[in-house]
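Novice: Here's a structure for you.
The values are calculated or read from the model by the stated rules, or taken from the named source; none is laboratory data. Please read all numbers here as calculations on a predicted model, not as lab measurements. Virtual Cβ from ideal backbone geometry, glycine too; neighbours counted across all protein chains shown. Please note that ligands, DNA and RNA were not included when accessible areas were found on the heavy atoms of the full protein model with its side chains. Shrake-Rupley method; radii C 1.70, N 1.55, O 1.52, S 1.80 Å.
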Amino acid sequence: MTTQKINSNEKYMLKGSLKKSGYDRWRLVTTASHISTGEERVFFIEFYTVNPAISPSECLLGYKSRNKVTEEDLHSALAGSLSAKNMKSETLVQPSFVMVRAGVLCENGKHIDAYFPSDQIQTGKTDLLFKVGTDESNFCSLTTSSTYGTVQISKADLIESPEYMCQSGKMTWNLRYEKQISFPVSKGSGVFWAPSGARTVFEGRIVLDGEEYEVTAPKSCGYFEKSWGKSLPSRQFHLNSSNLTSIINGKTLEKSCFVVDGVYGGGINVFVSLEGRTVLFYASKSKRYDVNYEFTENPDSEEGTKFHWSVSISDSKYVVDIDGYSMDTSMFIRGYECPEGKRRLLKTAGSGSGTGELRLYEKIRKNLVLIEHVHIADMIADYGSIEVPEE
């Protein structure tokens, strides 16, 4: 895996007004196998920066409790000159921090978060995309071909700082990667999204809570994306996989992948690449397509509660139908503080073991011709929305 030049869509983007009102996030996902048992688990690593110029030397988390009631307020309330109901107990702040999040998407999954002030950010002109930390014990780095780092937090740390909203533990990784299929950047509702590694192979090592996992290119089924903008989407609807098998001929599709991502202005992006044939539907051009998508819960299935993502989208040339499924037991919840603060939180449930089917049709005159019908495995399936606390 060779060093590559930085793609302009993968650079650190928080400049100008976005420094005080914006976010930047890289997400990497890969499958790894336990070196002793062979158990496969889906790991993810994220680099997430929010409003770096607001508090460059100190992490400012919006979910940290900050008492707004002063001693003078209390005396006024006791004296009857200030009503207790008129006293707001907490100060709400606009967040400013760098978060490196790493974990595993599975039943009883977990994520471990490390926070850094933004003045520790390093970016480069060669192959360095992002680096944060002050010494080798806590450096977390991302280049155009590799990533390494450590995140660690104790139970005592979480008791003292519940605003971290993660689990205790330690994860260390040292990975190399190579993007095999890239899709173009998409813009919608003030958000930019670039799935530049919709099919990515990883190699290396991950250690989670003392258990070692090996990452090999043939089995990694990796994914790499970048997003940035002024605010997070109000709803999240995401599917992706590069582990596809043709139901027509039984062959593994080694040069294929797909990704669905939204919701942007009511639309979704649907990008498909099947053995060299690429079909692109952009959320920003949704008026040109016939599109239906929904997320439903099926509590009465024999295996238990099953979640269903369904997508049907078409234009004058192609039709894409996708059905994705994930059991509730494999879904893992995580939250992201929004740049605007006010304790707004994008809360997302996700799985790394989704399955499903994808059909690609071509419209030829008045006929609908099936080009490919594939089985989907190891699918990343996310669904979420922004939660706003009650006043």
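Novice: Jot down the per residue volume, in cubic angstrom and as a whole number, of the convex hull over the alpha-carbon atoms of the chain. If you can, show how the numbers build up before the last one.
Specialist: Details: hull volume 68.8 nm³, N = 391.
Cα-based convex hull of the chain, divided per residue, equals 176 Å³.
Novice: In addition: In nm, to one decimal, how far is the Glu211 label point from the Ser310 one, both placed 7 Å along Cα→Cβ?
Specialist: The answer from the label model is 3.6 nm.
Novice: Share of the chain's accessible area from carbon and sulfur, percent, 1.4 Å?
Specialist: On the way: 8370 of 18270 Å².
The C+S portion of the solvent-accessible surface of the chain is 46 percent.
Novice: Filter the trypsin sites (Lys or Arg not before Pro) in the stretch 254-336 to those in DSSP coil with at most 11 other Cβ atoms within 10 Å of their Cβ, and list the result.
Specialist: Values: sites: Lys255, Arg277, Lys285, Lys287, Arg288, Lys306, Lys317, Arg334; in loops: Lys255, Lys317.
The qualifying sites are Lys317.
Novice: So which of Lys15/Lys179; Lys251/Lys366; Lys15/Lys226; Lys170/Lys255 end up more than 24 Å apart, counting from Cα to Cα?
Specialist: Numbers: Lys15/Lys179 26 Å; Lys251/Lys366 29 Å; Lys15/Lys226 16 Å; Lys170/Lys255 35 Å.
Those over the limit are Lys15/Lys179; Lys251/Lys366; Lys170/Lys255.
Novice: Right, something else. Given 0.36 nm per residue, what is the gain on full extension from Gln120 to Arg288 after removing their alpha carbon distance, in nm?
Specialist: Values: separation 168, 0.36 × 168 = 60.48 nm, distance 4.44 nm.
Here the answer is 56.0 nm.
Novice: Continuing with the same structure: How compact is the stretch 303-357 by the rule of thumb for globular proteins, expressed as Cα Rg over 2.2 N^0.38 Å? Present the calculation step by step, with values, prior to reporting the outcome.
Specialist: Numbers: Rg = 15.7 Å, N = 55, 2.2 N^0.38 = 10.1 Å.
The reported ratio for this selection is 1.56.
Novice: Rounded, prolate or oblate: which fits the stretch 227-373, taking a ≥ b ≥ c as square roots of the Cα gyration tensor eigenvalues, rounded meaning a/c under 1.5, else prolate when a/b beats b/c?
Specialist: Details: a/c = 2.00, a/b = 1.35, b/c = 1.48.
Since a/c reaches 1.5 but b/c is at least a/b, the shape of the stretch 227-373 is classed as oblate.
Novice: Add +1 for every Lys or Arg and -1 for every Asp or Glu among the other residues with Cβ under 15 Å from the Cβ of Phe237, and state the total. Intermediate values should be presented prior to the final figure.
Specialist: Numbers: positive: Arg235, Lys347; negative: Glu225, Asp261, Glu294, Glu297, Asp323, Asp382.
With Lys, Arg at +1 and Asp, Glu at -1, the neighbours total -4.
Novice: Moving to a separate point now. Assuming a ≥ b ≥ c are the square roots of the Cα gyration tensor eigenvalues, decide whether the stretch 162-292 counts as rounded (a/c under 1.5), prolate (otherwise, with a/b larger than b/c) or oblate. Mind dumping the intermediate values first?
Specialist: On the way: a/c = 2.34, a/b = 1.19, b/c = 1.96.
The shape class here is oblate.
Novice: How big is the stretch 204-265 in terms of Cα radius of gyration and Dmax, in angstroms?
Specialist: Taking only Cα atoms of the stretch 204-265, I get Rg and Dmax of 16.3, 45 Å.
Novice: Summing +1 for each Lys or Arg and -1 for each Asp or Glu, what net charge is found among the other residues whose Cβ lies under 9 Å from the Cβ of Tyr223?
Specialist: Working: positive: Arg27, Arg199; negative: Glu225.
That sum, taken over residues with Cβ under 9 Å, equals +1.
Novice: If you don't mind, there's one more thing I want to ask. Per residue, how much accessible surface does the stretch 252-391 expose to a 1.4 Å probe? Answer in Å², no decimals.
Specialist: The answer is 48 Å² per residue.
Novice: Follow-up. When a/c reaches 1.5 or more, the comparison of a/b and b/c decides; with that in mind, is the stretch 286-391 rounded, prolate or oblate per its Cα gyration tensor?
Specialist: Values: a/c = 2.89, a/b = 1.59, b/c = 1.82.
Judged from the Cα gyration tensor, the stretch 286-391 comes out oblate (a/c at least 1.5, b/c at or above a/b).
Novice: Further question: Average projected area of the Cα convex hull of the stretch 101-220, in nm²?
Specialist: Working: hull surface 39.1 nm².
Mean projected area of the Cα convex hull: 9.8 nm².
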